[in-house]
Amino acid sequence: MVATIAVMAACAKPRPNPVVVEKPKVKLAVLAVESDKFPKVAQAATASLAKAHVVGIDEVEVSKVSLEVVQLSIECVEQTPDCYEAVGKSLAANRLLFAQVAPDKPGTRKRDVRVTITLFDVDTRAPKTAEKVFKSERDATAGIDTLVAEATR
């Protein structure tokens, strides 16, 4: 009987530990907004972007620098998916959330301000944008949260 138990023990295979594969975390980099012409809009946009909720994000990093500063540092300054992808990779982020604030097209009222909010998926190179022209800096500041919500749903 002892021999039978010894044979059974020798033949028994140890069970391997299950392999746990961690799902990679999805990181969102939120970039600060700059505008010399519309500083209040830039400040409101930065605050709104920092508190935005994006579904599927595991980690959020709010940058102290703007998209333009990061682009200059990596020497890719075009507003293209290639450059945005390079920005995302340089920040080790899967998504970028940023805003661009500028005067509206030439020939329109001087106070008109165009605000574009972009959620860029670095992995798929797909942007989702929301854009609006506001009649004044005050209107833009008041409407930023709605525009950010539109781009991040």
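The values are calculated or read from the model by the stated rules, or taken from the named source; none is laboratory data. This is a predicted model, so every value here is computed, not measured. With ideal geometry, Cβ positions are generated from the backbone for all residues, glycine too; neighbour counts draw on all protein chains shown.
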Could you give me the residue pairs with C-beta distances under 8 Å whose first residue belongs to segment 117-132 and is without any contact (Cβ under 8 Å) to a residue 40 or more places away in the chain, whose second residue is part of a loop (DSSP other than H, G, I, E, B) wherever it lies, and which are 6+ apart or on separate chains?
121/94; 122/93; 122/94; 123/94
Does segment 102-141 hold any residues that are among the aliphatic types (A, V, I, L, M) and assigned to a strand (DSSP E or B), and which are they?
102, 113, 115, 117, 119, 126, 130, 133
If you go through segment 73-99 one residue at a time, how many are without any contact (Cβ under 8 Å) to a residue 60 or more places away in the chain and at negative phi?
17
So is residue 129 at pLDDT 95 or above, within 14 Å of residue 33 (Cβ to Cβ) and surrounded by 13 or more Cβ atoms within 10 Å (Cβ to Cβ) or not?
no
Kindly list the number of the only condition in (1) out of contact with any strand residue (DSSP E or B) (no Cβ under 9 Å at 6 or more places or on another chain); (2) closer than 27 Å to residue 90 by Cα that fails for residue 120.
(1)
From 72, 96, grab the single residue that is surrounded by 14 or more Cβ atoms within 10 Å (Cβ to Cβ) and either at pLDDT 95 or above or of a type in the set (A, V, I, L, M) (or both).
96
So which of 90, 63 is surrounded by 13 or more Cβ atoms within 10 Å (Cβ to Cβ), closer than 13 Å to residue 28 by Cβ and among the small types (Gly, Ala, Ser)?
63
Name the residue that is nearest to residue 117 (Cα to Cα), counting only residues in segment 66-90 that are in contact with a helix residue (DSSP H, G or I) (Cβ under 7 Å, 6 or more places away or on another chain) and aliphatic (A, V, I, L, M).
67
Consider segment 131-153. How many of its residues are closer than 20 Å to residue 81 by Cα and either more than 14 Å from the chain's Cα centre (by Cα) or basic (Lys, Arg) (or both)?
1
Can you find a residue in segment 102-115 that is touching a helix residue (DSSP H, G or I) at 6+ places or on another chain (Cβ under 7 Å) and under 14 Å from residue 33 (Cβ atoms)?
yes
